[in-house]
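What follows is a set of notes on a single structure, which appears directly below.
The values are calculated or read from the model by the stated rules, or taken from the named source; none is laboratory data. All of these numbers come straight from a predicted model, not from anything done at the bench. Methodologically, a virtual Cβ is constructed for each residue, glycine included, from the backbone with ideal geometry; neighbour enumeration extends over all protein chains shown.
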Amino acid sequence: MLEKVRSHKVKKVIERMGKKLNRQVVGSLVACVHCGMCTESCHYVLANPDDPTFAPAYKADQIRKIFKRHFDWTGRIFPWWVKAQDFSTDEELEKLKDIVFGKCTNCRRCSINCPMGVDFATFNRMARGLLTSVGIMPEGLAAVSKDQWEIGNQMGVLKEDYLETLEWLSDELEKEMGDPAARIPIDKMDADVVYAINPREIKYDPRTVSDAARIFYLAGENWTMASDGWDITNFGFFSGDDDLANTVVRRLFEKVIELGGKKLVLSECGHGYRSARCEGPNWTGMDTPFGMESSVMTMLRYIQEGRIKVDRNKNDLPVTFHDSCNNARSCGFFEEPRELLNLVVTDFREMYPNRAENYCCSGGGGAMSMSEYTPLRLKAAKVKADQLQATEAKTVVTTCHNCVDALTDLIRHYKLGMKVTQLVNLVSNAVVVEEKVVAPVEVLILRGYKILVVDDEPDILTFLSAVFEDQGATVMQAADAEQALDLAGKEKPDLITLDLSMPGRNGGYVFEELRKNPELAATRVCIITGKPELRRLIYDRPVRPPEGYLDKPINEKSLLVNVRKILEVAHEEKKLN
Amino acid sequence: MPWAMESTRQKLFFYAQFVLFHLAVGASITMSFVIPYAPSLIKPMVLVRGLQGLFAAGCLIGCYRLYRRLTNPYIRQISTPDDIFSLLLLMVWLFVSIGAAPNRPDQGEGSLLTYFIMTAFFLVYVPFSKISHYLYYPFTRYYFGKSMGYRGVYPIKRGPQPTPNKV
């Protein structure tokens, strides 16, 4: 019988699988009895009841069949008896990619419902790593991993941009507190706390950094942030690339050691917490002569020790809490966030199920960076949407940035009309500032600036114009690409807010034309879109990326914070030049 | 405890079947040692009838499980020939155990011979089949439990289910 000729990539996958197998993985691969008890624990199954290929055991079998064919004695001798199967083509690997990346978020809900103790997430990650090692992975994941390797963080934030943002946030804090000491220390030696964050906070939501800084200041903490090695996220964790996983955590740990920090405090990021706190010491093999904790624990301790005082009446809207899979189901971190939440809100409504049995937001496992699977993800999110709706809460709180994005997406998709926030925002809002340190608030913060708003929806144009004009800006409006380019050329605005999805020529075309025009290339651009999957229209272009990015529906406070940041940074650069 | 797992709690009847089926299998394995080495233990008629009842229940449950495996689209999709053969084998073995339990070779050796031949066949077949899960699962449960227990996930704590309209 002619043996099938295997492609080079398939040969490598099989060879490397042998090296990745250990007792725990093999146990999970062989112990499945196909009882189907895991089936209804999976949010993909519940959202796709007519498609049995979403069942965890089926997905697991797509990996298991290769293992059985090459490493299991029955599978090697009688493959048809146990449905062992060999792979030979790259197309088969591509199909496997769609399963291990697109149909599973590694949430482990099936694992805790398996009577045999099969941990599907562990060997799903193994399969991801094998495919990644031969270059088969979702494009978005590859791009982000590349940034994390080469630039040091998953969002490609350059060091100067990172430091500028922290500088700007420090200025804001100093102004608010009326105290020159109220700043974000950078690379301070021998601090008690080294605070590390998710790059999403710098790029899209600097409020979370400023809220944390405010809390540290009010608690009188001896703290610092690092100028590099500050990214707690880990795309090696998502892609199964152990080398990247090791490198990322190692950078984090080595920086804390270099600074002599006594404790590494991790901002609210689910997989970041798990990667650093739980998996990092295993990946790196490093001894960590410093403590590690989530910022949730830190804030809770400040309140319990009386270092900050909070007034829960400042957060009086009904809230519910979403347990991030990595924090909760994989790290046992579910009571402390609730304890903190109960101290800073008046109306907390538990969703059901909760804690270790809570459902995935559908954005885990790196799903938010895999735009090709967005429709599948949003369909699977129906389970979470139903949970949220049942609480009748106005806000959902979570301790993970991927969950923030995924929940925002599903709330918009299912029209739930809820907000998403994190514990640091609620604590900062509830904190009682005992000394009167109200700094004069600058009225008309956008006075003197010219802003061009580009959107095909009249309501959005009206809203943005009103917000910017209320702050003193001169606003021009454009409803399509041609009008936008025409006005940009004539008026030379300081900032352009740009929608991506427009009839005719889209926002991506406008953006590229702006960047290619020497007279307009330096114009600041903030993308505002309700379709995050269209980000590729921008980031695939061979031009300098935009200065800002916001999701719709637009939060007015977030809009002003981001626009102000972009314009003030531009102003500082002009002064320097 | 078993009901700490959501999948068990939501399917208690299914779980009860699982318990009964495995009790029947365990009892039959034990009987394969008792009959040759301590036959007096299996003399009381009450015990024999009880065992027969257990084996019959196990066999019926096996029939239901086979039906489920062939008709439920999720289970059918993941089933292999080994899954079906192992189940059939156990069903037949439990059925034959009903006849073997009285241990009356004077009334015909057919049941006892078939029973012991099948038991011996298991020794050969188990390492190559899914039935070997009974050897693997203590290890997988240990690894998973150790990891999750160390991180405080186990024992799983649940919040109460909200009553309708409760805020």
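Applying the criterion of being touching a Phe, Trp or Tyr at 6+ places or on another chain (Cβ under 7 Å) and either assigned to a loop (DSSP other than H, G, I, E, B) or surrounded by fewer than 23 Cβ atoms within 10 Å (Cβ to Cβ) (or both) to the residues of region A:354-372, the residue that is nearest to the other protein chains (Cβ to nearest Cβ) is A:Arg355. Among residues of region A:271-325 being of a type in the set (Asp, Glu) and not in a helix (DSSP H, G or I), the one that is nearest to A:Gly365 (Cα to Cα) is A:Asp323. If the condition is being more than 8 Å from chain B (Cβ to nearest Cβ) and not in a loop (DSSP other than H, G, I, E, B), then region A:88-119 contributes A:Asp90, A:Glu91, A:Glu92, A:Leu93, A:Glu94, A:Lys95, A:Leu96, A:Lys97, A:Asp98, A:Ile99, A:Val100.
Within region A:223-237, does at least one residue satisfy the condition of being within 20 Å of A:Val431 (Cα to Cα) and crowded, with 20+ Cβ neighbours inside 10 Å?
Of the residues in region A:223-237, the ones within 20 Å of A:Val431 (Cα to Cα) are A:223.
Okay, now just the ones that are also crowded, with 20+ Cβ neighbours inside 10 Å, so A:223.
Yes, there is a match, as at least one residue in region A:223-237 is within 20 Å of A:Val431 (Cα to Cα) and crowded, with 20+ Cβ neighbours inside 10 Å.
Considering only residues of region A:1-49 that are polar (S, T, N, Q) and assigned to a helix (DSSP H, G or I), which is nearest to B:Ile131 (Cα to Cα)? First the steps, then the outcome.
If we filter region A:1-49 for residues that are polar (S, T, N, Q), which is where we start, we get A:7, A:22, A:24, A:28, A:39, A:41, A:48.
So of that shortlist, the ones also assigned to a helix (DSSP H, G or I) come out as A:24, A:28, A:39, A:41.
Details: A:Gln24: 19, A:Ser28: 15, A:Thr39: 21, A:Ser41: 24 Å.
My answer is A:Ser28.
Restricting attention to region A:206-251, the residues that are of a type in the set (Lys, Arg) and within 24 Å of A:Ile308 (Cβ to Cβ) add up to 2. Answer yes or no as to whether B:Leu23 is assigned to a helix (DSSP H, G or I) and modelled with pLDDT of 95 or more. It is true that B:Leu23 is assigned to a helix (DSSP H, G or I) and modelled with pLDDT of 95 or more.
Of all the criteria given as (1) more than 10 Å from chain B (Cβ to nearest Cβ); (2) touching a residue at least 60 places away in the same chain (Cβ under 8 Å); (3) more than 32 Å from the chain's Cα centre (by Cα); (4) under 26 Å from A:Cys360 (Cβ atoms), the one not satisfied by A:Cys32 is (1). Scanning region A:475-500 for residues that are in contact (Cβ under 8 Å) with a residue 40 or more places away in the chain and either assigned to a loop (DSSP other than H, G, I, E, B) or buried (at least 19 other Cβ atoms within 10 Å of the Cβ) (or both) yields A:Lys492, A:Pro493, A:Asp494, A:Leu495, A:Ile496, A:Thr497, A:Leu498, A:Asp499. Annotation: of all residues in region B:153-167 being in contact with a helix residue (DSSP H, G or I) (Cβ under 9 Å, 6 or more places away or on another chain) and either closer than 17 Å to A:Arg23 by Cβ or facing chain A (nearest Cβ under 7 Å) (or both), the one that is modelled with the highest pLDDT is B:Val153.
Just one of (1) assigned by TED's automatic domain parsing to the domain that holds A:Asn22; (2) under 19 Å from the mean Cα position of the chain (by Cα); (3) aliphatic (A, V, I, L, M) fails for A:Leu158. It is (1).
Beta carbons closer than 8 Å, at least 6 apart along the sequence or on distinct chains, pair a first residue in region A:168-179 that is in the same structural domain as A:Gly220 (by TED's automatic domain parsing) and within 14 Å of A:Val561 (Cβ to Cβ) with a second that is hydroxyl-bearing (Ser, Thr, Tyr) and assigned to a helix (DSSP H, G or I) for A:Leu169/A:Ser210; A:Glu172/A:Ser210; A:Leu173/A:Ser210; A:Leu173/A:Tyr217. Here is the figure for region A:232-249: residues that are touching a Phe, Trp or Tyr at 6+ places or on another chain (Cβ under 8 Å) and free of Cβ contacts under 8 Å to residues at least 40 places away in the same chain total 3.
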